[in-house]
Amino acid sequence: MKLTMLLPAKYDERKWTIAKQIGVNYAITKAMPELTGRPGPYDFNSLKTFQQEFKDAGFVLHGLEGDQFDMAPIKLGLPNRDAVIEKYQQMIRNMGRLEIPLLCYNFMAVIGWMRTRTDILERGGAMSSEFDASAIQDELVPEELRISEAKLWDNFSYFMKAVLPIAEEAGVQMALHPDDPPLSPIKGVGRIFTTAKSFDRMMDMFPSPNNGITFCQATFKTMGEDLKATSEKWLKQKKVFFVHLRDIEGNKYKFRETFPDNGSTSMADMIGHYYDFGFDGPLRPDHVPAMSGETQGSFASGMSVGYEITGKIFAVGHIKGICESLSIPLE
């Protein structure tokens, strides 16, 4: 398995240095122009520069994660979506040329992953986040931004027909992330990747070796899915391209993030399970509470809530200890 971390594309001395010091060799990044001040990864030279900067710091840039530019025209089916899809196609071609093999993407329209509070006290006073559906039950986005599940499926199909053949040619794995939280609708916006069955539908629609899943463990847990049974099927099918490791307490209507050793999911059991069923790809620690001396991020920051470095140090050590105890090779 490859131990990765989501690191900012714009050099962050503390985060990059600490990631290297704790033994992380593979970087995943989000290279939106708004976060970097540079052209997005649809620009070949820009993506090549990001890759080289990670290489100079001792990392292999293994993948891109999240919306790398404004995806609203694609997800909402706006008149200019074909122009935006062309940028997306070019990004995938650039990834192929530079041998960046993984693209973790989502199809959450208007509202990305969300929490309703970011000031929940965790173990020892650490600061974590919470989602509570009742806190937003009376909120709606403007009418022009509301979209049905049926329309989202149509837009997703249109998108995949355009980009998946490019990914096949480029040798890029497209790893779909589930909707977080897995509820539909949220504030009047439909969401479609909220169950394991929706992922089966997606893979039946597009049976390509380059079409697969980001198995975000806690999100599938929030859905109420059996983590081992659900992932076993997809692992046997070689459809799990990327694993996100975090834990939550609660259900899809109300839950809080917690430390990876403080929830009801055994990380050791799950990591051993992935390995036993042949997973040798990238995994990374996901959201963690902000610890002493840190300020919780915001959802406007790109590298948002749950991405402060001290909790990541703990999570990486936890993952490395599990892998060593189970004799699981970890690059």
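The values are calculated or read from the model by the stated rules, or taken from the named source; none is laboratory data. Quick caveat, the model's predicted, so the values are computed rather than measured. We place every Cβ from the backbone using ideal geometry, glycine too, and count neighbours over all the protein chains shown. In case anyone asks, the SASA skips ligands and DNA or RNA and just uses the protein heavy atoms, side chains included. Shrake-Rupley method; radii C 1.70, N 1.55, O 1.52, S 1.80 Å.
At a glance:
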item: Long-range neighbours under 7 Å by Cβ, at least six apart or interchain, first residue farther than 17 Å from F107 by Cα and hydrophobic (A, V, I, L, M, F, W, C) within the stretch 140-151, second open to solvent by 60 Å² or more (accessible area, probe 1.4 Å) and not in a strand (DSSP E or B); result: V141/V110
item: Lone qualifier among T4, T49, T29 - being of a type in the set (V, I, T) and without any contact (Cβ under 8 Å) to a residue 12 or more places away in the chain; result: T49
item: Test: residue in the stretch 253-263 that is modelled with pLDDT of 95 or more, of a type in the set (K, R) and closer than 22 Å to K2 by Cβ; result: no
item: Cβ pairs under 6 Å, 6+ apart, first in the stretch 160-174 and farther than 10 Å from R93 by Cβ and at pLDDT 95 or above, second of a type in the set (S, T, N, Q) and part of a helix (DSSP H, G or I); result: V163/Q89
item: Output for the stretch 276-331, where each listed residue is aromatic (F, W, Y), farther than 16 Å from R115 by Cα and either at pLDDT below 95 or outside any helix (DSSP H, G or I) (or both); result: F277, F279
item: Selection status of F220, open to solvent by less than 60 Å² (accessible area, probe 1.4 Å) and under 24 Å from M95 (Cβ atoms); result: no
item: Residue in the stretch 146-168 that is closer than 30 Å to A290 by Cα and touching a strand residue (DSSP E or B) at 6+ places or on another chain (Cβ under 9 Å) present; result: no
